[in-house]
Amino acid sequence: MSIFLLRNVSLQSFLVSNLDKINKELKFPLVKGKTRKGHSEYTFEGINDRLSLFVSKNEADIWYSSGEERKDLLFDLSIDTKYTSGKGYYCGECKSPVYKSEFQLYISHFLEDLQKLQAKYFKPNYYLFFKGSKSGGFFYTQIRKLVDLKKLYSENRLENPRERMDLIAIEKITF
């Protein structure tokens, strides 16, 4: 019989207490920003500062922001931590392997996912492509090579309504 218990350590407290160790494992270290009302904000050293990591008790998301306003969710790195008595901790959303501690789960799930994301998208020849509706109610963001974005959004390829939105920004990812 499995018994689910509440977590003792939140993702946010894990990140705060292990930031130096985590940063040693990242190509683009996290830079601590504002902390307010149950969440912490981080940017990435050497990366466009419009990309921010927002971390709360059990959620971690990377957003494209403009000023103080979050515009579009790019990546969800959240962990739905579950505990099974006698077995250990796992992510209930993706049914990850079972780990003996939350620390091991966070290292495997959050840190490794963040490393993979950085390796895939945080490259010198990659750009952030941000489109939106004129009314401001709908946004769409992608990170790709500039040449791929130009092909994808050329005038003769605008068949999908999502692709017909107004271009708001094309921004370099790395600096």
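Any chance region 94-102 includes a residue that's of a type outside the set (A, V, I, L, M), at pLDDT 90 or above and under 17 Å from the mean Cα position of the chain (by Cα)? No; the residues of region 94-102 include none that is of a type outside the set (A, V, I, L, M), at pLDDT 90 or above and under 17 Å from the mean Cα position of the chain (by Cα).
Screening G46 with (1) within 30 Å of F130 (Cα to Cα); (2) open to solvent by less than 30 Å² (accessible area, probe 1.4 Å); (3) of a type in the set (G, A, S) gives one miss only, at (2). Scanning region 154-175 for residues that are open to solvent by less than 80 Å² (accessible area, probe 1.4 Å), at pLDDT 55 or above and farther than 16 Å from D72 by Cβ turns up S154, N160, K172, T174.
Residues that are charged (D, E, K, R) number at least 3 in the following strands (runs of 3 or more DSSP E) confined to region 1-91: 30-36, 69-76.
The values are calculated or read from the model by the stated rules, or taken from the named source; none is laboratory data. Keep in mind it's a predicted model, so treat the numbers as computed, not measured. Cβ coordinates were reconstructed from backbone atoms using ideal geometry, including for glycine residues, and neighbour counts include every protein chain displayed. With ligands, DNA and RNA removed, areas are computed over all heavy atoms of the protein, side chains included. Shrake-Rupley method; radii C 1.70, N 1.55, O 1.52, S 1.80 Å.
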